[in-house]
Every structure is written in structure tokens, then in C-alpha cells.
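A.B. asks: Structure in C-alpha cells, see below.
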Amino acid sequence: MEKIVNNIIKEELYFETLENGLKVYFMPKKGFIKKYAVLATDFGSNDLEFIPKGENERIKVNEGIAHFLEHKMFEQPDGKNAFDLFSKYGANANAFTNFNMTAYLFSATENFNECLTHLIDYVQTPYYTDENVEKEKGIIAQEIKMYDDDANWQVYFNALKAMYQKHNVKIDIAGDVESIYKITPEELYKCYNTFYNPSNMILFIIGDLDQKEVFETVKKANHTEIEKIEGKITRFSEKEPKEIACKEIVEKYQVSMPMFNIGYKDEDINLRGKELLRKEVVSDILCDMIFKTGSELNDYLYMNGLVNDSFYGGFYSEVEYAFTLISGEGKDPYKVKDIISEYIEKYKKEGLSKESFERTKKKKIGEFIKYMDSMEFIANNFVSYAFKDINILDYLEVLKDVKFEDVEERLNKHFKEENCVISIIEPIESM
């Protein structure tokens, strides 16, 4: 077992890789009443082509299968739902699928070891039949149709479709109705046996708990009969061109005011570890300086009635793709885009404010220290970062090391007009 100590934020982390490859992390939090655990797999909606465990040929699975598999994990062979036992123990349980991972989690103030045993057990017990898979298709189809009517969801995915020509990030996480109706139990088992192998998973536990007892509980619950996959899973994805797919996508929905997402596709990709973390931190500071409430640009747009208080800009980063996305509502999205471009060009020529940089950096440091009191923040971000070879405990060190010149360099490299797109949802005109 390895013990990692971070003296800057006064946190400890215990780490061990079990025989079947499961990576287990435990962070003690003395004095906290709530305990939290998340079991995550490095498998999300982007993972559509791969070589299944025990096979030699690549396959392509149906869109939305990672999300579908998440739904099916709660149904157990004895006919019970995994959530029922969590409720009996007084715990709150949930799960989610995003582009890059699927996570199963719970929080509890009592019966923690029982809940932890149950979490490990049900996630390592797949149960797919023709009958229960067919039943789930109708449920997920309704969920997809609900999102099809969600203007916020559509303006977001249209921005991704405008930025990305080939990468699967432009595909809806849940797939579409046609794709999910093609999913079979056999296909689910291929995905499960490959990506839910313990060697492709991380278990993170946090709370006022005894370290030895935590690891003993995990080892007893862990399904040791599962054969470890040696090496990395072979995944395939089409090479994404640097160029955007198109400059704009406009659709009409039942909204009272136009909505927009303005995206800047990032060219600086395929980074991992501290190099990726540093890019994220620098980009986050830059976006706050330009777009956040109180910034020169934000104040101008708001005071001139071009946006409301929903206006926001942030950076989103994974290994294979990254982008800045600016969202909001306003009567003239094209004018907002033009003004944003004008401000960015002004900052490139005249330079950013060093005072704003120092203020934003200090605020980021304070925010991170505050977030370290949130178990949900620590746990969910820990596993997301870990799949990118990043340790969240390194965040503050990297943040403190960022210099003003790093942010100015990033401004010039990232915000390029040729990589900028706009997605707009316009109101349907009344008759």
C-alpha cells in the first residue's frame, strides 16, 4: 500500500492496486459525518470502437450503449433493484455516464461498510436478458425524447457538432432512439466484460473512516474471480482534423429569447498528467478573466442589454479534445459573438490586466481550498482526473506556479477566429 501526503493542503491519500487490477484510493477526512464512495470505469459514450476482451477483431457498438449499460446495472439477478438496499441502509445512491466515464456512487452517515460492500457487489454483477433489455429501451427512448425537447441540451450539442467533424464527442451521450433499439444483451456483455474489468476501474472512498477497515472491506467484497486484463484496452477513434466542422448551426425551439453557445475548438490536445492539468488551470484562469461576472466584457454585455445573468464562459478539457464554451441568452447572439471577438483581439494587442490575473488566481486558490471540504467535489473530480493520469492533490501546486505570461500565451494560442463556432436556438415565431 502506498501513502501519499500533500503538505500544501494537509491531505493524505492511501492507494493500493488489488490482484484483479482494481485501483483503490482512500482519503481520510477527520470530523466529517458524511462518508462517500464512487466506483468508476474508464468507459463513456465516446468509446464505440474497440477490441473486446478475449477477441482479436475490432467491433463498433451502438451509440448510447455506455449510458444504456449504466441503466441496466441496477437490475440484479434476484429481481431486486440495487437502489433498494441503499435505501434500507439510509444511504443516497446515484450513477452517471458522460463522454469518458461511467460512475456509481453513494453517500452515507451510517452503515458505510455495508453500503460499500453492496456498491462493489452490484457493479460486479451484470444481468442482461432479452426481456429486461427490451423493457429498458422504452424507458431510455422516453429520456432521449425529453432531451430532444430541451433547448439547453440542443444548443450545447449543436455547438459540439459545429466544432467537431469526426470525434464521437459530437454524439449525444444517450444515443438516439434508433441506435438504442439495436442494442442486444450480447453487445452489453461485450462492453461490460471489456470496460468493467477491475483493471479499467477506480474506487475512491472518502470520510472519517479507519484506513485498515476500509481496505479489508473492499478486499472481502471484491470479486477476485474476475480475470485481470493485461495492458490497455485497444480503442479506436477517427483522427479529428484541426479545422471546425462548420461556423454556425441555428435551430428554432419554444423559447422566449434566443439562446447561444459560442465555442472555440482547442488545437492543443493529446496531453496527459501534469501537462494537461497545467493547460486546464491556465485556461480556467483566462476564461474567468475574460468572461466571468465582474469582467470588463461581461459588464459591457450586461449593461448594454445584450445578455442576461445567465452569461458564462468556461474551459472543458479531455485528453483527445478540449474547447472553450460561452453560453447565454440575448436578443442578438451574432452581435454578442462580434463583441467577444473584438475584446479578444484587443487583449491580444494591448495585453491582459496583470491586476486581474493576480486577483483571479487568488480567487481560484481560495475556491479550491473551499472545495476540498466537499466530498462530492473531491471524489468525482479525483476519478475523472485519475483516468487522465492527474492527481487532484497536485492542483494547488500547479495553480500557484502559473505565471501571467502563461495566460497571455494561452490567449494567443487558443482563441483563434478560424476555430470559433456559434450555435443558436431562436424562438419559434408566433402565428
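A.B. asks: When you look at residue 205, is it buried (at least 19 other Cβ atoms within 10 Å of the Cβ) and among the β-branched types (Val, Ile, Thr), yes or no?
C.D. replies: Spelling it out, residue 205 is indeed buried (at least 19 other Cβ atoms within 10 Å of the Cβ) and among the β-branched types (Val, Ile, Thr).
A.B. asks: Kindly indicate whether any position in region 283-297 is closer than 23 Å to residue 405 by Cα, among the polar types (S, T, N, Q), touching a strand residue (DSSP E or B) at 6+ places or on another chain (Cβ under 8 Å) and modelled with pLDDT of 95 or more.
C.D. replies: yes
A.B. asks: Using the structure shown, decide if residue 221 is more than 22 Å from the chain's Cα centre (by Cα), open to solvent by less than 60 Å² (accessible area, probe 1.4 Å), of a type outside the set (S, T, N, Q) and over 23 Å from residue 379 (Cβ atoms).
C.D. replies: It is false that residue 221 is more than 22 Å from the chain's Cα centre (by Cα), open to solvent by less than 60 Å² (accessible area, probe 1.4 Å), of a type outside the set (S, T, N, Q) and over 23 Å from residue 379 (Cβ atoms).
A.B. asks: Something else: Please determine, by comparing only the residues of region 280-297 that are touching a Phe, Trp or Tyr at 6+ places or on another chain (Cβ under 6 Å) and open to solvent by less than 20 Å² (accessible area, probe 1.4 Å), which one is farthest from residue 258 (Cα to Cα).
C.D. replies: Within region 280-297, the first condition is being touching a Phe, Trp or Tyr at 6+ places or on another chain (Cβ under 6 Å), and the residues that meet it are 283-284, 287, 297.
With the extra rule that they be open to solvent by less than 20 Å² (accessible area, probe 1.4 Å), the set shrinks to 283, 287, 297.
On the way: 283: 27, 287: 23, 297: 20 Å.
Among residues in region 280-297 that are touching a Phe, Trp or Tyr at 6+ places or on another chain (Cβ under 6 Å) and open to solvent by less than 20 Å² (accessible area, probe 1.4 Å), the one farthest from residue 258 (Cα to Cα) is 283.
A.B. asks: Given the criteria touching a residue at least 60 places away in the same chain (Cβ under 8 Å) and more than 20 Å from the chain's Cα centre (by Cα), does residue 253 qualify?
C.D. replies: When the stated conditions are applied, residue 253 passes them.
A.B. asks: Sticking with this structure for a sec: From 117, 194, 125, which residue is of a type in the set (Val, Ile, Thr), closer than 22 Å to residue 42 by Cβ and assigned to a helix (DSSP H, G or I)?
C.D. replies: Working: 117 fails: closer than 22 Å to residue 42 by Cβ; 125 fails: assigned to a helix (DSSP H, G or I).
Answer to the check: 194.
A.B. asks: Which one of these does residue 232 not meet: (1) closer than 29 Å to residue 393 by Cα; (2) surrounded by 14 or more Cβ atoms within 10 Å (Cβ to Cβ); (3) at pLDDT below 95?
C.D. replies: All conditions are met except number (2).
A.B. asks: So, one more: Go through (1) over 30 Å from residue 231 (Cβ atoms); (2) open to solvent by 40 Å² or more (accessible area, probe 1.4 Å); (3) touching a residue at least 24 places away in the same chain (Cβ under 8 Å) and name the single condition residue 63 misses.
C.D. replies: Against the list (1) over 30 Å from residue 231 (Cβ atoms); (2) open to solvent by 40 Å² or more (accessible area, probe 1.4 Å); (3) touching a residue at least 24 places away in the same chain (Cβ under 8 Å), residue 63 comes up short only on (1).
A.B. asks: Can you find a residue that is of a type in the set (A, V, I, L, M, F, W, C), more than 18 Å from the chain's Cα centre (by Cα), farther than 23 Å from residue 403 by Cα and not in a loop (DSSP other than H, G, I, E, B) anywhere in region 302-310?
C.D. replies: Here is the first cut: in region 302-310, the ones of a type in the set (A, V, I, L, M, F, W, C) are 303, 306-307.
Those left that are additionally more than 18 Å from the chain's Cα centre (by Cα): 303, 306-307.
Remaining after also requiring farther than 23 Å from residue 403 by Cα: 303, 306-307.
Filter once more, so that each one left must be not in a loop (DSSP other than H, G, I, E, B): 303.
Yes: one or more hits.
A.B. asks: Quick one: count up the residues across region 244-301 that are part of a strand (DSSP E or B) and under 13 Å from residue 318 (Cα atoms).
C.D. replies: So the answer is 1.
A.B. asks: Looking only at residues that are under 26 Å from residue 394 (Cα atoms), acidic (Asp, Glu) and not in a loop (DSSP other than H, G, I, E, B) in region 1-60, which one is least open to solvent (accessible area, probe 1.4 Å)?
C.D. replies: 11
A.B. asks: Something else now. Name the residue that is least open to solvent (accessible area, probe 1.4 Å), counting only residues in region 163-182 that are farther than 9 Å from residue 63 by Cα, touching a residue at least 40 places away in the same chain (Cβ under 8 Å) and more than 20 Å from the chain's Cα centre (by Cα).
C.D. replies: If we take residues in region 163-182 being farther than 9 Å from residue 63 by Cα, touching a residue at least 40 places away in the same chain (Cβ under 8 Å) and more than 20 Å from the chain's Cα centre (by Cα), then 165 is least open to solvent (accessible area, probe 1.4 Å).
A.B. asks: On to the next question. Taking region 72-97 as the search range and keeping residues that are in a helix (DSSP H, G or I) and open to solvent by less than 50 Å² (accessible area, probe 1.4 Å), which one is modelled with the lowest pLDDT?
C.D. replies: Step by step, filter region 72-97, then rank; the result is 82.
A.B. asks: Do you know which residues across region 98-113 are assigned to a strand (DSSP E or B) and closer than 28 Å to residue 389 by Cα?
C.D. replies: The answer is 102, 103, 104, 105, 106, 107.
A.B. asks: A further question on this structure: If you go through region 130-158 one residue at a time, how many are loosely packed, with under 13 Cβ neighbours inside 10 Å, farther than 25 Å from residue 88 by Cβ and more than 22 Å from the chain's Cα centre (by Cα)?
C.D. replies: Summing the residues that are loosely packed, with under 13 Cβ neighbours inside 10 Å, farther than 25 Å from residue 88 by Cβ and more than 22 Å from the chain's Cα centre (by Cα) in region 130-158 gives 6.
A.B. asks: Separate question: Just give me the residues in region 102-146 being β-branched (Val, Ile, Thr) and under 23 Å from residue 375 (Cβ atoms), in sequence order.
C.D. replies: Passing the criteria: 102, 109, 117, 120, 123.
A.B. asks: Show me the helices (runs of 4 or more DSSP H) entirely contained within region 313-431 in which 2 or more residues are closer than 29 Å to residue 41 by Cβ and either in contact (Cβ under 8 Å) with a residue 12 or more places away in the chain or open to solvent by less than 10 Å² (accessible area, probe 1.4 Å) (or both). Spell out the reasoning first.
C.D. replies: Values: elements: 333-350, 354-371, 375-386, 395-401, 404-414.
In region 313-431, 375-386, 395-401 are the helices (runs of 4 or more DSSP H) which contain 2 or more residues that are closer than 29 Å to residue 41 by Cβ and either in contact (Cβ under 8 Å) with a residue 12 or more places away in the chain or open to solvent by less than 10 Å² (accessible area, probe 1.4 Å) (or both).
The values are calculated or read from the model by the stated rules, or taken from the named source; none is laboratory data. Because the structure is predicted, anything quoted here is derived from the model rather than measured. Note: ideal-geometry Cβ built from the backbone for every residue, glycine included; neighbour counts use all protein chains shown. When the accessible area is computed, the model is the full protein with side chains, heavy atoms only, and any ligands, DNA or RNA have been set aside. Shrake-Rupley method; radii C 1.70, N 1.55, O 1.52, S 1.80 Å.
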